[in-house]
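What follows is a single structure, written as structure tokens, with notes after it.
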Amino acid sequence: MSQVPIIELKNIRKFYGKIEALKGVDFLIYPGEIVGLVGDNGAGKSTLVKIMMGVFPPDAGEIFVEGKKVNLRSPSESRKFGFEPVYQETDLISQLNIWRNFFLGKEITKKFFIAKFLDKKKMRDITSKALDNIGIKIKNPDSDIMALSGGERRSVSIGRAWHFGGKILILDEPVTGLSVKETEKVLEYLKKIKKTGCSVVIITHNIYHVYDVADRIAILDRGTKVAEMRKEDCTPEEIMDIIRGKKKIV
Amino acid sequence: MRMSVLTWLKSKPEFGTFASFLCIFIFFGVFAPRFLTIESIGSMLNMAVELGIVVVGVTLLMTGGEFDLSVGSVFALGNFVFIYLILQNFPIFLGFILAIASGVIIGIINGWITTRFAVPSFIVTLGMLWAIRGFLLFLATKQWWTLYGIQSTFLDVLNGKTFIFYNAVFWFLVLVVIGHIVLENTRFGNQIRACGGDKLNARFMGINVNKLKIFTFMLTGGLAAFAGTTNLSRFRYFHWYLGVGMELEAVAAVVLGGTLLTGGYGTLIGSLIGVLLLSMLRNGMILLGIPGYWYQAIIGAFFIIAMALNIKLRAKR
């Protein structure tokens, strides 16, 4: 790909006290690709992603967004660039139905005399359409979140992040805890999202969760990027060996 | 797919309460003499309004996942500030505004401490319940407080009698409608529900959870004080004991109506039925000639049974 990367992180270093969590990592993402960010616990995946999300700044290194050098000082700044996280622990709110969740914090209203009221019809329609676009079939946007399966819930959060201007969706362990069938479904949605030109970063410790959909895989180990390859160039077994530290690739 | 009316009714969380309401209504209608008269229905509503106005705020607050146990004391405070200012020859309207403001200020304090220091609102407002009551006990027990001999159109409009209803019935119903629209059809309502459902997720979606919560505490305090002013307009006297136990009745009416004790879902229509149910029980027992000391025991037993049924019905949905 000869395009300009949406985001490029160069020589990123981050310390937690005396511990160096990231020891000069380079990482970039092109438009419309799915990148697997793989590594064991403590490899530095979350730290790297939190820097991308503007949760905290790196101690050294540079960040470029579409070729321009930037400082990501807060999550909201990072979201303005279209980096949308879908965290593992944050899910939908079970007491609200689908469209209320989908538009939470970004509700569409219409003015009636002096007051603004929710435009429920519009929000229902948009919710159905947006989810339908990436292949998520929802019978009724008024359904209770409780009535959805784990995979469907995850899909609605993914669909929401995509709909609200995400250029890069950052998914933390998106299929952990899902059944095989549901995992396939979620990965299928991610492929459709990719076709719209949106990029996806999948953070996982399990290569089998991303191997099918990823275009490129980067492996972190104790703060260093130990390998990065296009999927065609490796097998999942090789990657597992690298993560376990059995095999070294430059 | 068309649903029958019954299925539709059953799908509503208010259904359980509505069903108990109907059963008890029919029971009293058959057995209690004069229960089905305009006067009796009027007095049922009249008995319900002060609690009802308080309940409107409490419903919103509990939907947002917080408690306010100080509403009974704030109710008394609203009464007191209003009568005190009237007796000091303040313009009545100004006294009315300041009385409500006293409740709003208590609400801000409750909300600020709850959100700023992460003390559960149950604790904060329990403390506030005692603090205000103690303050009133200190200030208000040295004399009789009565508006005897004072004529005021404002007080008559606020809570005089029209036909058989006190005017507060009207304010109450208007507040229920407004509250219902706010909860169902506004951004504020949606976000309140989200806060009550899952505070962290709501914050993550960019909602200013603390601001919303403080605002609902203000609303609750303001409405409790407003209820106090309507109470004063009706009875025209003040006693420090007014509103004792009201906070728990409010919680009872709210959860009877189908609002979740844990937050995240609330219904003003349910709360309306809950309030009417409690006052209908009282009214019916009076008409049946049941001795007064039995009321609390019967209401308590009824409350437990009704809630058990409600939860069972909800689980079936």
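The values are calculated or read from the model by the stated rules, or taken from the named source; none is laboratory data. What you see is a predicted model; the values in this text were computed from it and never measured. Methodologically, a virtual Cβ is constructed for each residue, glycine included, from the backbone with ideal geometry; neighbour enumeration extends over all protein chains shown. Only protein heavy atoms, including side chains, enter the accessible area calculation; ligands, DNA and RNA are left aside. Shrake-Rupley method; radii C 1.70, N 1.55, O 1.52, S 1.80 Å.
What the table shows:
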| read-out | value |
| --- | --- |
| Selection within segment A:169-200 - free of Cβ contacts under 8 Å to residues at least 24 places away in the same chain and not β-branched (Val, Ile, Thr) | A:Glu184 |
| Extreme residue, modelled with the lowest pLDDT, among residues of segment A:118-144 that are surrounded by fewer than 18 Cβ atoms within 10 Å (Cβ to Cβ) and within 14 Å of chain B (Cβ to nearest Cβ) | A:Lys139 |
| Those residues of segment B:7-17 which are surrounded by fewer than 19 Cβ atoms within 10 Å (Cβ to Cβ), in contact (Cβ under 8 Å) with a residue 12 or more places away in the chain and assigned to a helix (DSSP H, G or I), in sequence order | B:Lys10 |
| Filter result for A:Arg160 (at the interface with chain B (Cβ under 10 Å from one of its Cβ atoms), basic (Lys, Arg) and either open to solvent by less than 10 Å² (accessible area, probe 1.4 Å) or in a loop (DSSP other than H, G, I, E, B) (or both)) | no |
| Count of residues meeting criterion [over 25 Å from B:His239 (Cβ atoms), part of a helix (DSSP H, G or I) and either among the hydrophobic types (A, V, I, L, M, F, W, C) or open to solvent by 10 Å² or more (accessible area, probe 1.4 Å) (or both)] in segment B:41-91 | 4 |
| Test: residue in segment B:20-27 that is open to solvent by less than 60 Å² (accessible area, probe 1.4 Å) and part of a loop (DSSP other than H, G, I, E, B) | no |
| Where a residue in segment B:127-151 is within 18 Å of B:Phe90 (Cβ to Cβ) and its partner, wherever it lies, is open to solvent by less than 30 Å² (accessible area, probe 1.4 Å) and modelled with pLDDT of 90 or more, with Cβ under 6 Å and at least six apart | B:Ala140/B:Phe80; B:Trp145/B:Ile83; B:Trp145/B:Phe238 |
| Unmet requirement for B:Ala32, which otherwise passes all of (1) surrounded by fewer than 23 Cβ atoms within 10 Å (Cβ to Cβ); (2) in contact with a helix residue (DSSP H, G or I) (Cβ under 8 Å, 6 or more places away or on another chain); (3) of a type in the set (A, V, I, L, M); (4) under 19 Å from B:Leu272 (Cα atoms) | (4) |
| Helices (runs of 4 or more DSSP H) wholly inside segment B:158-224 containing at least 1 residues that are under 23 Å from B:Leu51 (Cβ atoms) and more than 14 Å from every other protein chain (Cβ to nearest Cβ) | B:167-185 |
| The lone exception for B:Leu242 - which of (1) in a helix (DSSP H, G or I); (2) under 26 Å from B:Ile164 (Cβ atoms) it fails | (1) |
| Considering residues of segment A:93-117 that are in a strand (DSSP E or B) and either within 15 Å of B:Tyr265 (Cβ to Cβ) or not aromatic (Phe, Trp, Tyr) (or both) only, the residue most open to solvent (accessible area, probe 1.4 Å) | A:Lys111 |
| Residue within segment A:10-20 that is of a type outside the set (A, V, I, L, M, F, W, C), away from every other protein chain (no Cβ under 14 Å), open to solvent by 30 Å² or more (accessible area, probe 1.4 Å) and part of a loop (DSSP other than H, G, I, E, B) present | yes |
| So B:Gly270, is it in contact with a Leu (Cβ under 7 Å, 6 or more places away or on another chain) and either open to solvent by less than 10 Å² (accessible area, probe 1.4 Å) or within 14 Å of another protein chain (Cβ to nearest Cβ) (or both) | no |
| For A:Phe112: the one exception among (1) away from chain B (no Cβ under 14 Å); (2) over 27 Å from B:Asn201 (Cα atoms); (3) without any contact (Cβ under 8 Å) to a residue 40 or more places away in the chain | (1) |
| Of residues in segment A:70-92 being within 11 Å of chain B (Cβ to nearest Cβ) and within 19 Å of A:Pro58 (Cα to Cα), the one surrounded by the fewest Cβ atoms within 10 Å (Cβ to Cβ) | A:Ser76 |
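Yes/no per residue for (1) more than 14 Å from chain A (Cβ to nearest Cβ); (2) in contact with a strand residue (DSSP E or B) (Cβ under 9 Å, 6 or more places away or on another chain):
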residue: B:Thr230; (1), (2): yes, yes
residue: B:Arg236; (1), (2): yes, yes
residue: B:Val251; (1), (2): yes, no
residue: B:Gly258; (1), (2): no, no
residue: B:Thr262; (1), (2): no, no
residue: B:Leu281; (1), (2): yes, no
residue: B:Ala308; (1), (2): yes, no
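Listed here are the residues, each with its yes/no results for (1) of a type in the set (Lys, Arg); (2) more than 25 Å from B:Ile108 (Cα to Cα); (3) surrounded by fewer than 19 Cβ atoms within 10 Å (Cβ to Cβ).
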{"position": "B:Phe226", "(1), (2), (3)": "no, no, no"}
{"position": "B:Gly243", "(1), (2), (3)": "no, no, no"}
{"position": "B:Glu247", "(1), (2), (3)": "no, no, no"}
{"position": "B:Gly257", "(1), (2), (3)": "no, yes, no"}
{"position": "B:Leu276", "(1), (2), (3)": "no, yes, no"}
{"position": "B:Ile299", "(1), (2), (3)": "no, yes, yes"}
{"position": "B:Leu313", "(1), (2), (3)": "no, yes, yes"}
